[in-house]
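Down below is the structure, laid out as structure tokens.
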Amino acid sequence: MNEIRNLINITDLSTEEIEHLVTVADDIMAHPEAYQDMCAHKKLATLFFEPSTRTRLSFTAAMMDLGGNVLGFADANSSSATKGESVADTVTMAGCYADIIAMRHPKEGAPVVAARRTTVPIINAGDGGHFHPTQTLTDLLTIHRKKSRFSHLTIGLCGDLMFGRTVHSLIEAMSRYEDVHFILISPPELRLPDYMKEMMDQKGVLWEECEKLEDAIPKLDILYMTRVQKERFFNEADYIRLKDSYILTRKKLGPAKADMIIMHPLPRVNEIQVEVDDDPRACYFYQALCGKYIRMALILYLLGLK
Amino acid sequence: MNIDGINNGIVLDHISAGKGMRIYELMKLDRLDCMVAIIQNASSTKFGKKDIIKVDGTGFKLDLDMLGYIDQHITVDTIENGRLVKKQHVDLPEELTNVIRCHNPRCITSVEQGIDQKFRLSNRQKKTYRCVYCDTEYREKED
């Protein structure tokens, strides 16, 4: 029996595997009809213990476009978690009905628990403020398609860098490539956690912190904006004080490079003004499209079909 | 004060003064039927003061990883038939299981029943460990 492959953290995948997924996603985008029955008679369980629109829909769309079926729940209230069932038990049960599981959980490390008990591949679709590797794969496919490289890039990460799991996973992934420089743009209260900085230091990755978006913009090849997420705060007052700190406007984009790309994991609140959407550098909706194709490639890979 | 030597068991020597009771509790030595002695603030040529634990019996779990985490100065002497048969030194372990607890309220270990509290060594110089589930750092305070 082959060993089950899971995706808990983006670093579970080697750079070669990521390149393979990106190549397959490229091919799916070019020839979708060649993939439309590849998961016929296969089932994906989407276990979402925390609400999500984009991630769950993109997993569902990905599996449907591969000819497979989807079952699951969209929030913990419609699962046995409300009755006190453990994550390990829920996942073990789901493995009896599905060939692969995508799970989102508000508690950090829940997919690690799931992976220890599972009999089918587990995909971490976000665990609290910790990791979100499929968003990172989405980001990587977007970068690949828009910049044609993963190395020699200056990447500005802006907003909630403390709780922003998409940021943590993206840093982990991009730290493995040559000459990547991170500019961390956030208020002091929402700075990147120390363990992420230690990780970059250990890998010899260049990074700097900056409090003003305007100061960083001219240097960037990629500007990655994030939402200041209300659900990550312990109290409302802190949220209200910080939520408008970093807002991208057309005016702020003035000194940016002509080929800089603006990314955002979505949903946005007001951190990117709607007026920016028409700028050719804005590619956050394209990013959402990439999310479906890279998830298709991932499902095929973890099921051993491609 | 005189504490007799032991026949079959272990002596935990060179425990930093003040850490003896914590080790006694973590090793659950209160549950043993055999003789257990905790000597606090014994004089030590090396450290000035030290704690010593003597257990004259078996049936306990000797967790060298736990001991290494609490105090790297400890030596573990194994005694059989009144004679020293083995002397072991401890070191900071790469992994720790059920010795410390994750204090991150968002960690899955705060709600999931029946899972071990596991940590891995993240920085040997700083003696820092991170939860294997959520990566939150746990730093043992130096006495």
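The values are calculated or read from the model by the stated rules, or taken from the named source; none is laboratory data. Because the structure is a prediction, the values reported are computed rather than measured. For neighbour counting, all protein chains shown are included, and Cβ atoms are generated from backbone atoms with ideal geometry for every residue, glycine included.
Evaluate segment A:169-181: report whether one residue or more is β-branched (Val, Ile, Thr), touching a helix residue (DSSP H, G or I) at 6+ places or on another chain (Cβ under 9 Å) and free of Cβ contacts under 8 Å to residues at least 60 places away in the same chain.
Yes, segment A:169-181 contains a residue that is β-branched (Val, Ile, Thr), touching a helix residue (DSSP H, G or I) at 6+ places or on another chain (Cβ under 9 Å) and free of Cβ contacts under 8 Å to residues at least 60 places away in the same chain.
Go through segment A:151-206 and report how many residues are assigned to a helix (DSSP H, G or I), among the hydroxyl-bearing types (Ser, Thr, Tyr) and out of contact with any His (no Cβ under 7 Å at 6 or more places or on another chain).
Of the residues in segment A:151-206, 1 are assigned to a helix (DSSP H, G or I), among the hydroxyl-bearing types (Ser, Thr, Tyr) and out of contact with any His (no Cβ under 7 Å at 6 or more places or on another chain).
Only one of these is among the hydroxyl-bearing types (Ser, Thr, Tyr) and buried (at least 19 other Cβ atoms within 10 Å of the Cβ): A:90, A:53. Name it.
A:90
Filtering segment B:118-135 down to residues that are among the charged types (D, E, K, R) and surrounded by fewer than 17 Cβ atoms within 10 Å (Cβ to Cβ), which residue is farthest from the other protein chains (Cβ to nearest Cβ)?
B:127
State all residues of segment B:83-117 that are of a type in the set (D, E, K, R), touching an Asp or Glu at 6+ places or on another chain (Cβ under 8 Å) and within 11 Å of chain A (Cβ to nearest Cβ); if no residue qualifies, say none.
B:106
For segment A:93-132, give me each residue that is part of a helix (DSSP H, G or I), surrounded by 24 or more Cβ atoms within 10 Å (Cβ to Cβ) and either away from chain B (no Cβ under 14 Å) or on the phi > 0 side of the Ramachandran plot (or both).
Within segment A:93-132, A:94 is the sole residue that qualifies.
Which members of segment A:187-210 meet the condition of being out of contact with any strand residue (DSSP E or B) (no Cβ under 7 Å at 6 or more places or on another chain) and touching a residue at least 24 places away in the same chain (Cβ under 8 Å)?
Across segment A:187-210, the qualifying residues are A:187, A:189, A:190, A:193, A:196, A:199, A:203.
The rows are residues; the columns are (1) charged (D, E, K, R); (2) more than 22 Å from the chain's Cα centre (by Cα); (3) surrounded by 15 or more Cβ atoms within 10 Å (Cβ to Cβ).
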position: A:216; (1), (2), (3): no, yes, yes
position: A:222; (1), (2), (3): no, no, yes
position: A:225; (1), (2), (3): no, no, yes
position: A:246; (1), (2), (3): no, no, yes
position: A:249; (1), (2), (3): no, yes, no
position: A:255; (1), (2), (3): no, yes, no
position: A:271; (1), (2), (3): yes, no, yes
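Only residues that are crowded, with 18+ Cβ neighbours inside 10 Å and at positive phi: list them for segment B:1-41, please.
The answer is B:9, B:14.
Among what's in segment A:3-50 and is part of a strand (DSSP E or B) and touching a Lys or Arg at 6+ places or on another chain (Cβ under 9 Å), pick the residue that is surrounded by the most Cβ atoms within 10 Å (Cβ to Cβ).
Ranking the qualifying residues of segment A:3-50, first place goes to A:47.
Please go through (1) within 14 Å of another protein chain (Cβ to nearest Cβ); (2) at pLDDT below 95; (3) in contact with a helix residue (DSSP H, G or I) (Cβ under 8 Å, 6 or more places away or on another chain) for residue A:83 and return the number of the only condition it doesn't satisfy.
Single failed check for residue A:83: (3).
Scan segment B:77-117 for residues that are surrounded by fewer than 19 Cβ atoms within 10 Å (Cβ to Cβ) and assigned to a strand (DSSP E or B) and jot them down.
If the condition is that a residue be surrounded by fewer than 19 Cβ atoms within 10 Å (Cβ to Cβ) and assigned to a strand (DSSP E or B), then B:77, B:78, B:80, B:83, B:84, B:85, B:86, B:87, B:88, B:89, B:95, B:97 are the ones that fit.
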